[in-house]
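See below for the structure under consideration.
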Amino acid sequence: MAQADAEEVKNFLGTEYRYGFSDPEKFAFRTEKGLSEKVVRQISKIKKEPEWVTDMRVRAYKHFMERPMPKWGADLSTIDFDNIYYYGKPEGEQTKDWDKVPQDIKKTFDRLGIPEAEKKFLAGVGAQYESEVVYHNLRKDLEKKGVIFLDMDGGLREHPEIVKKWFGKIIPFNDNKFSALNTAVWSGGSFIYIPPGVRVDLPLQAYFRINAKNIGQFERTLIIADKGSYVHYVEGCTAPVYSTDSLHCAVVELAALEGATIRYTTIQNWSSNVYNLVTKRAFAYKNARVEWIDGNLGSKITMKYPGVVLLGEHAHGEVISVAFAGKGQHQDAGAKITHLAPNTTSQIISKSVSKDGGRTTYRGLLRVAKGCKNVKSSVVCDALILDPKSATDTVPYMEVEEKDVSIGHEASVGRVSEEQLFYLMSRGYSEEHALGMIVRGFMDAFVRELPMEYAVELNRLIELNMEGSVG
Amino acid sequence: MKGKSTEGKRTEALSIFQKLPMPSPKEESWKYTDVRDLNLQEFGPAAQKIEFPGLSDELKEKGVIFTDIKTAVEKHKELMEDHEPLSLISPEEDKFTAMHGAFWNDGVFIYVPRNVSLKMPLRNIFRGSGSGGVFSHTLIILEEGAGIDYIEEHYSEKFEGVCLRNDAVEIFAGPNSRITFHNFQKWEDNVMNFTYWKARLAKDARVNWILGQFGGKFSRVKIDSFFDGPGSESKNLGVFYGSGEQHFDFTTNVHHLVPNTTADILMKGVLDGKASSVYRGKIKIAKIAQGTNSYLSDHSLILSNGAVSHSIPSLEIDANDVKASHGATLGKPDEEEIFYLMSRGLRRKEAERQIILGYFSPVTDNIMFDDLREKFNEALHDKVRG
């Protein structure tokens, strides 16, 4: 964005978390507080699911209860699993027409700018409010080409054969404690199928909004890009600021079949009372390409390590991750790349900024299995720490069982250099403004990968987060 | 543990040892090294010789002490007042450290008085001669302004069975003192090694570690450097070369606890045959440790398809006015370099050898003593020739 706009933006938006407003809580139905087998079965029953889904939910619930909390990573000891509603259905039915969305909810999405963005630059939009998708639409021409873009429940109803083939296959429910929780109580999310050779030029977007207090959102997303197809999926998420905590626990599975490309962009901007514990993994087949563009700005604690499993020759996996941790935040993010085929390549770029006592962690795994000749991979992690209260960690794992590889890893940590600041200030920028420019420059690798409108939005967010960094 | 008698410490370490379960690969620091099949009860005391060269009269007069640790505990109690064996290393670290705390029975004691700096290195040669357990403890105390180079060389004779080494090294580096600690091991494949080294650095102290690991069936070395005084510095330089079915497990942790300290870590390894390695390097910078400068770099050359390499370099940074970075590479020797040497008339095998020797030189060039550097190079040559 143009530098001159900085003041304007500040005046316009104020200094608060911009998405912290809330609407009255109106539920058509809500399960009782807390988690039990009864609640799990109830969710399945409301959704009239086939037996295999109910069974999987119950097995996952049991696994969740048995599995200990992870001993590594961010501090999750403060999550009160009993004080959360696991399913809440808002009023109204899913619709393709914004005018049919209940008034309050429509107002919320208007304020978030979703209908406007849809008109301008999106090929399809899904909007989830609490546990259910309230609005869903895909451009007619794409529908005609056979593109499927539904909420996950709709996908399960209308395309059970595709769902059954892939659901829980890329991320089994027992992958980790939180994938088990998601599998037990999932609701909403996106289901996307792109037919062979179809290129969806404009992004498909899903927007996830938590409105009520103490509610958990457990959306489930599955994207299948068939041979030679292309899709860019964008998700955004926000929530009101409450004094009690909410839980967001998603599972996202992607399959890029031979020659397909999936780009998955996330701009996570949950309010500072949301625990964000997400499992994301992609299978990349021969000649396929998967790119996770992952931006973590909000939430209280995020633990998220998007993964790519490279299954076929010449597949490519990429994770570009930025994290911004302010007061009371811990962004524990990273990437997991597993090379299971020869001639595969991967790249991880991670940039993080911590300030006001925030903590960022890069945690990564790069694995090359035996026999995967000619693998090339590069990992670069940079962290900026803006004040003495803040902190950062870097924990990359490299496991290599093959000799014909070329693996490089670099990480650096530092502060904003006095020289850079001095230079910009000598050019007439205020210190705050100069700092903002340096941080935006630092995150450029990420911002460049976003659709233009998102890049502008992200720059605004950085600007806001940077406010008060000086002095 | 301070204030307890030596026997009291032993009893306490023994009870910790008995209480702790065998480490399992579920524990982070044992993830890539599975010792569950090891029956520690099998290792009764084994024979080893430690060669002690005498000290010159001049050094004796200056008050330098270089003796075996049992003698030192009896004769030099007053020097150990704050620096008894196992006052830096806690037996609670893990099961093997506790085992060491309970059973250590010989080793080395070095004391260098204030402002005494030795020109020639002190050297011990450790020679294992039979199966069983060996528990050596090395305690080095450097007073303010003291300076030494220390070399430990490890060998084992050919014998039946397995020798389990479980050693510890503690270094107290006083203000403005200096030590370079050299380790060189070329065991037969009848040795399994668990070693823990720990140093505490006072103001402006310099502790350098040089590690050369070539032999043994298995070798685990963990090095912890604690920067307690501003201006202190440490270098960790290591080379290792695994072949056959050797497994190496190395850890270097630098703990920047006060402002303005510096660390530089460089590990270079080669893996051939079915050898495997895990290297962990952690840079930890405390909140008050502004002005820290810390760099870590680790490299593995993988020569064969059966070899496996794990690398986990990590940063834990709580201060902002610091420079900290790490770099890691894994891969095979550069084809272009090989091609270049072959174009100069070398055969492929020989070209690879030259590249491997050159690869280690950033470490071996730092060895100031010709005879020791030769030993490193010879060990590398032997390994390269297979």
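Per-structure values
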| item | result |
| --- | --- |
| Selected residue (criterion: surrounded by the most Cβ atoms within 10 Å (Cβ to Cβ)) from residues of segment A:219-242 that are touching a Ser or Thr at 6+ places or on another chain (Cβ under 6 Å) and hydrophobic (A, V, I, L, M, F, W, C) | A:239 |
| Residue tally, condition at the interface with another protein chain (Cβ under 7 Å from one of its Cβ atoms) and either modelled with pLDDT of 95 or more or over 30 Å from residue B:331 (Cβ atoms) (or both), over segment A:408-426 | 1 |
| Among the candidates A:454, A:429, residue that is open to solvent by 50 Å² or more (accessible area, probe 1.4 Å), outside any strand (DSSP E or B) and more than 9 Å from every other protein chain (Cβ to nearest Cβ) | A:429 |
| Listing of helices (runs of 4 or more DSSP H) fully contained in segment A:17-111 that carry 2 or more residues being among the hydroxyl-bearing types (Ser, Thr, Tyr) | A:51-66 |
| Selection count, segment B:285-318, where residues are on the phi < 0 side of the Ramachandran plot, surrounded by fewer than 24 Cβ atoms within 10 Å (Cβ to Cβ) and either free of Cβ contacts under 8 Å to residues at least 60 places away in the same chain or more than 7 Å from chain A (Cβ to nearest Cβ) (or both) | 18 |
| Set A:348, A:385: member being buried (at least 24 other Cβ atoms within 10 Å of the Cβ) and more than 21 Å from the chain's Cα centre (by Cα) | A:385 |
| Hits in segment A:324-345 - residues which are open to solvent by 40 Å² or more (accessible area, probe 1.4 Å) and within 18 Å of the chain's Cα centre (by Cα) | A:336 |
| Where residue B:250 falls short, out of the listed (1) more than 11 Å from chain A (Cβ to nearest Cβ); (2) surrounded by fewer than 22 Cβ atoms within 10 Å (Cβ to Cβ) | (2) |
| Count - residues of segment B:335-350 that are closer than 30 Å to residue A:348 by Cα and open to solvent by less than 70 Å² (accessible area, probe 1.4 Å) | 1 |
| Of all residues making up segment B:19-73, the number that are of a type in the set (S, T, N, Q) and modelled with pLDDT of 95 or more | 1 |
| Residues that are among the β-branched types (Val, Ile, Thr) and either part of a loop (DSSP other than H, G, I, E, B) or surrounded by fewer than 22 Cβ atoms within 10 Å (Cβ to Cβ) (or both), drawn from segment B:115-137 | B:116, B:125 |
| Which listed residue, of A:201, A:245, is open to solvent by 10 Å² or more (accessible area, probe 1.4 Å) and under 26 Å from residue A:62 (Cα atoms) | A:245 |
| Residue B:380 vs. criteria open to solvent by less than 10 Å² (accessible area, probe 1.4 Å) and either more than 14 Å from chain A (Cβ to nearest Cβ) or of a type in the set (Lys, Arg) (or both) | yes |
| Residue that is farthest from the chain's Cα centre (by Cα), among those in segment B:153-192 that are among the charged types (D, E, K, R) and open to solvent by 10 Å² or more (accessible area, probe 1.4 Å) | B:160 |
| Only listed residue being without any contact (Cβ under 8 Å) to a residue 12 or more places away in the chain and more than 23 Å from residue B:182 (Cβ to Cβ), chosen from B:92, B:81 | B:81 |
| So residue B:52, is it under 22 Å from the mean Cα position of the chain (by Cα), surrounded by 11 or more Cβ atoms within 10 Å (Cβ to Cβ) and more than 14 Å from every other protein chain (Cβ to nearest Cβ) | yes |
| Whichever residue in segment A:432-450 is open to solvent by 30 Å² or more (accessible area, probe 1.4 Å) and in a helix (DSSP H, G or I) and, among such residues, is nearest to the other protein chains (Cβ to nearest Cβ) | A:442 |
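The values are calculated or read from the model by the stated rules, or taken from the named source; none is laboratory data. Note that this is a predicted model, so its numbers are computed, not measured. FYI the Cβ positions are ideal-geometry reconstructions off the backbone, even for glycines, and counts take in every protein chain you see. Remember, those area values only see protein heavy atoms, side chains included, never the ligands or the DNA or RNA. Shrake-Rupley method; radii C 1.70, N 1.55, O 1.52, S 1.80 Å.
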